[in-house]
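These notes are about the structure you will find just below.
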Amino acid sequence: MQEILKTYYEKVVAGFWSQYFAIVSLGVLSALYFGSLGIAWAVTGEFTRWGGHLLQFLGVDTSHHTYLKLINFTGTPLTRLDGVLVIGMFAGALISALLGQNVKLRIPTRKRVLQALIGGIIAGFGTRMAMGCNLAALFSGIPEFSFHTWLFTLGTIVGTYYGLKISMLPWMMGNPKISRANLGAAVENPVYYRIQPWLGGVGLALVIFYLVKQSSGNYPANLLLATTFGFGFGFLIQKGQVCFTSAFRDLWLTGRGTTAKAIVWGLVVQTLITAVFLAKGMPPKVIWWAGPGALFGGFLFGVGIVIAGGCETGWMYRAMEGQVQFLVVGLGNVVGATILTVAWDPFVFPLLVEPFPRIDLAKLYGIPVALALTIIMLLVLYIWVDWKQHSKTGLLTRRVTNVR
């Protein structure tokens, strides 16, 4: 009986929660989020607002910072749609990790803490220069037909390559100690692992109770909806282990393109659904400047996430799994975004942003043509990923070949 249940889990349950299923589901959910609330799925804008709160706590007058006005820095995380969305994502990722028995405290080395902080700062600065991270400037932005998202995507792909080159330098890699894997961890500490699904179940029940209770009161419906979507996003990214860092880094390192291909499929599905909402008159929310700010911001983001070890979605669910390093990545993101806020008016905006147009492909060519162009560009991206996967030209492959 035990073998039958194990086989069922491996072939049905584990297969059901594949990355393809998780990422395509995220695409559907992201499109519905836009259709329901009229905003894009995004997180780093909220992290930037956290930086604004930090500046205020330190006594800094934030009223003259144009960037904070641009991202609507008002209220608190509990009264903003993006704020409750992020809280819901953390809750969803934590409960998913508990249900899957994936929570375990992992303490990083001092070197990894430093890399996480520096990488997080670089990524946080870059992502806000480009007006979005792997979500708003790629996963949510491409389906809304903003051309700046393609510049960001190109910059990110190139940036992850050079971030990987930096990460593979001897002084970055250090001298790892090889030891026997502890395959019997769950057996040695059965209570620790066995209790997690129960805690996850209790947490899930509390979340459902909270949402039902708030829905029957005076709690704003849009905040309730954003919290619910956030929970779904967080649950899916943890269950599917969705990380854009690994998608591009693994492609450059070993030629593994599974995650990158799944992202393309998720984008195709999301683009088709989003086009329906746009055709009904919903205005896009992520049409930003298509210039060097988007391209260079994507490059910095790509470099930073590889050095740090995780992108915005990646660090959020890994932190909920008990990996302390990724809390530092998140701190770095907030710090980097805050630095960009200060540098926006005197340097970034006048040099890299203001002189360049906001290009809305749907407004420029019409939705049918914009949809066709986007699908074609996604097809080109998919073909490149597939070619890269089968060419066996990963950096690790080259290194092994040279050693031989």
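The values are calculated or read from the model by the stated rules, or taken from the named source; none is laboratory data. Bear in mind that the values here come from a model prediction, so they are computed numbers and not experimental data. Reconstructed Cβ throughout: ideal geometry from the backbone, glycine too, with neighbour counts over all protein chains shown.
Taken over segment 240-266, the residue count meeting the criterion of being assigned to a loop (DSSP other than H, G, I, E, B), in contact with a Lys or Arg (Cβ under 9 Å, 6 or more places away or on another chain) and aliphatic (A, V, I, L, M) is 0. Every test in (1) part of a helix (DSSP H, G or I); (2) polar (S, T, N, Q); (3) without any contact (Cβ under 8 Å) to a residue 12 or more places away in the chain is passed by Asn218 save one, and that test is (1).
Among the residues of segment 248-277, just one is of a type in the set (Lys, Arg) and buried (at least 21 other Cβ atoms within 10 Å of the Cβ), namely Arg249.
Kindly indicate which of Val324, Val306, Val335, Val342 is under 16 Å from the mean Cα position of the chain (by Cα) and of a type in the set (A, V, I, L, M).
Step by step, each of Val324, Val306, Val335, Val342 is checked, and only Val306 is under 16 Å from the mean Cα position of the chain (by Cα) and of a type in the set (A, V, I, L, M).
Candidates are the residues of segment 270-285 that are part of a loop (DSSP other than H, G, I, E, B) and within 13 Å of Leu37 (Cβ to Cβ); the one that is nearest to the chain's Cα centre (by Cα) is Lys285.
Residue-level check: of (1) more than 25 Å from Gly310 (Cβ to Cβ); (2) in a helix (DSSP H, G or I); (3) of a type outside the set (S, T, N, Q), Ala337 misses just (1).
Quick one: would you say Leu26 is modelled with pLDDT of 95 or more, of a type in the set (A, V, I, L, M) and either closer than 30 Å to Gln101 by Cβ or surrounded by 14 or more Cβ atoms within 10 Å (Cβ to Cβ) (or both)?
yes
Within segment 300-315, identify whether any single residue is crowded, with 24+ Cβ neighbours inside 10 Å, touching a Cys at 6+ places or on another chain (Cβ under 6 Å) and either at pLDDT 95 or above or more than 25 Å from Leu54 (Cβ to Cβ) (or both), and answer yes or no. Checked segment 300-315: at least one residue is crowded, with 24+ Cβ neighbours inside 10 Å, touching a Cys at 6+ places or on another chain (Cβ under 6 Å) and either at pLDDT 95 or above or more than 25 Å from Leu54 (Cβ to Cβ) (or both). Do the conditions hold for Leu211, that is, is it more than 30 Å from Gly163 (Cβ to Cβ), surrounded by 16 or more Cβ atoms within 10 Å (Cβ to Cβ) and not β-branched (Val, Ile, Thr)? So Leu211 passes the test. Considering only residues in segment 366-404 that are modelled with pLDDT of 85 or more and among the polar types (S, T, N, Q), the one that is nearest to the chain's Cα centre (by Cα) turns out to be Thr374. The one condition from (1) assigned to a helix (DSSP H, G or I); (2) surrounded by fewer than 18 Cβ atoms within 10 Å (Cβ to Cβ) that Gly59 does not meet is (1).
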